[in-house]
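As structure tokens, the structure follows; a few thoughts come after it.
The values are calculated or read from the model by the stated rules, or taken from the named source; none is laboratory data. Everything numeric in this text was worked out from a predicted model, so none of it was measured. Note that we place each Cβ from the backbone using ideal geometry, even for glycine, and neighbour counts take in every protein chain shown.
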Amino acid sequence: MASRGKKSGGRVTPKGTRPESRRRNDYKGGLEDELHHDPTRMHGTTEVGASTRYTPPVPEFKKHSPPWVPVLMFALMGVGALIILLYYLGAVPGGRDNWYLFVGLVTLLGGLYTATKYH
């Protein structure tokens, strides 16, 4: 049995229109199409504000992180890795308790979180 391929051809524009006639006066769509082209009938509003999509630029001081952020990031990652390394070498005071792994992991994750805040 032959496989059914993608159907080619068929109408792309609504019946009675041409692809180049995109203006409202030339368009012969139904009520639904008229609602989309008439801003006074959309969602009960009478006018569409031009500035509704404006996003103000980000201030310059927000684009750069303070110099202590990368220092804190590398310090937390280094201390966390050192705690976990010392745990596996058996060089931690008080025996091999799982709290050392927990503290090392939390410190590493704190460094990773700080890395996401660096700009």
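Just to verify a result, which residue in segment 77-113, among those that are over 24 Å from Ser65 (Cα atoms), of a type in the set (Val, Ile, Thr) and modelled with pLDDT of 95 or more, is surrounded by the fewest Cβ atoms within 10 Å (Cβ to Cβ)?
Going through the qualifying residues, I end up with Val103.
State which residue pairs qualify: first residue more than 21 Å from Gly104 (Cβ to Cβ) and surrounded by 11 or more Cβ atoms within 10 Å (Cβ to Cβ) and inside segment 62-75, second residue modelled with pLDDT under 95 and among the aromatic types (Phe, Trp, Tyr) in any location, beta carbons under 7 Å apart, and separation of 6 or more residues or different chains.
Here the result reads Ser65/Tyr118; Val69/Tyr118, each pair linking segment 62-75 to a residue that is modelled with pLDDT under 95 and among the aromatic types (Phe, Trp, Tyr).
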